[in-house]
1. Order 52-62, 2-12, 20-30 from most to least packed using the mean count of other Cβ atoms within 10 Å.
2. Out of all DSSP beta bridges with both ends in the chain, state the antiparallel percent to the nearest 5.
3. How large is the translational diffusion coefficient of the chain in µm² per second when you combine the Kirkwood radius over alpha carbon pairs with Stokes-Einstein at 10 °C and 1.306 mPa s?
4. Separation between the residue 70 and residue 26 pseudo-spin-labels, each 7 Å from Cα along Cα→Cβ, expressed in nm?
5. All other residues with a Cβ under 13 Å from the Cβ of residue 70 taken together, and with Lys, Arg as +1 and Asp, Glu as -1, what is their net charge?
6. Excluding residue 49 itself, what net charge comes from residues whose Cβ is under 10 Å from its Cβ, given Lys and Arg +1 and Asp and Glu -1?
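Laboratory data are not the source of any read-out in this text; all were calculated from the coordinates shown. Note that the coordinates shown come from a computational prediction; the quantities given were computed from them, not determined experimentally. Ideal geometry is used to build each Cβ from the backbone, glycine not excepted, and the neighbour counts take in all protein chains shown.
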Amino acid sequence: MNQEVEINAFTFTNKHGFQSIPQAITVDDQRHSFIDLGLRYLIQKGEHLTRLFDMTDGQSVYRLKNEDDHWTLVSIKTAS
């Protein structure tokens, strides 16, 4: 998929340092709001950081990638 997406809303947590977490995105002119904080992964390769988020709207699971302030939708799967 690897489609750039717009993040419409963020939620914030400081459980392990201040972090922003996507709360809503727009994909193909449709807005999707997430129902929880999802699963988050941090990948570090040298000094380069990539953050991955698995988020759900209750029907589908969206994997988002954040690199250098760019957000990419990596995949969408039906929630089980």
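1. On the way: 52-62: 16.5, 2-12: 12.0, 20-30: 14.0.
Top to bottom by mean Cβ count within 10 Å: 52-62, 20-30, 2-12.
2. Working: 34 of 35 bridges.
Antiparallel bridges: around 95 percent, rounded to the nearest 5.
3. Values: Rh = 12.9 Å.
Rounded, D is 123 µm²/s.
4. Output for this residue pair reads 2.0 nm.
5. Working: positive: 51, 65; negative: 4, 6, 67, 68, 69.
Charge balance near residue 70 sits at -3.
6. Details: positive: 45, 51; negative: 47, 67, 68.
Around residue 49, the surrounding residues sum to -1.
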